[in-house]
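Structure record follows, encoded as structure tokens.
The values are calculated or read from the model by the stated rules, or taken from the named source; none is laboratory data. Predicted, not measured: the structure shown is a model, and the values here were computed from it. Here Cβ is always computed from backbone atoms with ideal geometry, including for glycine, and neighbour counts include all displayed protein chains.
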Amino acid sequence: MQHGSPDMMDRIAQWSLPIWLIDTAVVAVAIFSALVIHAVAMSLFRRLAARTPDSIDDILVAHARSPLRWLMIGFTLAFVREQLHLTAGASLLWSQAAGIIVPGLGGWLAIALIRAGARIVEHRYDITVADNLSARRRRTRSAIMTRILVLTVGFVTICLMLLSIPSIRTVGVTLMASAGIAALAVGAAAQPALKNLIAGIQMAFTEPIRIDDVVIIDNEWGRIEEIFLTYVVVALWDERRLVVPVSRFLEQSFQNWTRHSSQLLGSAFLYLDPSADIARLRAKSAELIESNPRWDRRFHNMQVTDVKPEAVEVRILATARDASTAFDLRCDIREGLLAFVRDEMPEALPRSRQINQPSPLPA
């Protein structure tokens, strides 16, 4: 018999405790230790994040908290595996379970960090401000790239989980090696879906539309609410939602009112009698626009843009900071000028004129 103090496992074995109870205690202690280490680490990370002026690191800590907890448990269980009294079958089952769980937890953590990055972009770039072109561009790219990365990480995670199972390892290898061939085969059967998927990736770089863009499509006025890989959701003015395939924005024309700036030039039209006092009406138009808080102080004017047999067309232009404000400003201008014409210039209302021809002389 060798001299020296026995190790901890030998001492526990001398107490004649059941093996399963010893293994259960070791696993319980490992899990408890992992939870304690995780709690201490998260508390330290939160304190460090609280000292920074922005909340970017707070978002990262919040999203990584749950995946890191389970990863810590997995690492501690792998560390104490050699201390357990496992049979050959149980050891094989343990290895296979670890091969499935660990890649899954790693993929979960990666996806959580990707979504945390998207939240950081949303937090840093506010689209509620007046000049939000740069913010809308970055949030649109972030939304599309986030979905692409999540799909990629999910695919790789599933492949790694398949590779850990000996009986279906060939399936995993084949799945990863023949991803391109499989994509072609699926594309042949689902060409419209693949077409929209490729168009969604292309949209992330060409940017024909962005989040919160004001567009007119299918004669409907609305804002770009969500952009997915295969379709776009347009929030219409009456709270309906128009779902449009992504390829539609790359292949067909549409109106984008906020492509370069959210500022717009709005127009209002009136049809008046040709004898109307245009100078007086122009002065009233300027008074209404300049006193309206929706006008952004850039430009306004009024012109006679057309002459018709029974009326003249008068166009009033005024600028506003965004599309919805421009719409309300146009309505205000129409209502104000119509009330002015009704109360102060009724002679400017269109009238039908008829010239009575003299009756022919009797023969």
TODO: Of all residues in region 18-68, count the ones that are over 39 Å from the mean Cα position of the chain (by Cα) and of a type in the set (D, E, K, R).
DONE: 1
- [ ] Filter region 39-83 for residues that are closer than 17 Å to V26 by Cα and surrounded by 12 or more Cβ atoms within 10 Å (Cβ to Cβ) and give the result.
- [x] M72, I73, G74, F75, T76, L77, A78, F79, V80, R81, Q83
- [ ] Please state which of the following conditions A185 fails to meet, knowing it meets all the rest: (1) at pLDDT below 85; (2) buried (at least 17 other Cβ atoms within 10 Å of the Cβ); (3) among the small types (G, A, S).
- [x] (2)
Task: Conditions (1) touching a Ser or Thr at 6+ places or on another chain (Cβ under 8 Å); (2) crowded, with 18+ Cβ neighbours inside 10 Å; (3) more than 30 Å from D23 (Cα to Cα); number of the one not met by G107 - done: (3)
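In the set V173, V129, which member is outside any helix (DSSP H, G or I) and at pLDDT below 75?
Details: V173 fails: outside any helix (DSSP H, G or I).
Result: V129 is the single residue among V173, V129 that is outside any helix (DSSP H, G or I) and at pLDDT below 75.
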Task: Count of residues meeting criterion [closer than 13 Å to L272 by Cβ and touching an Asp or Glu at 6+ places or on another chain (Cβ under 8 Å)] in region 311-328 - done: 3
TODO: Among the residues of region 71-101, count how many are of a type in the set (V, I, T) and touching a residue at least 60 places away in the same chain (Cβ under 8 Å).
DONE: 1
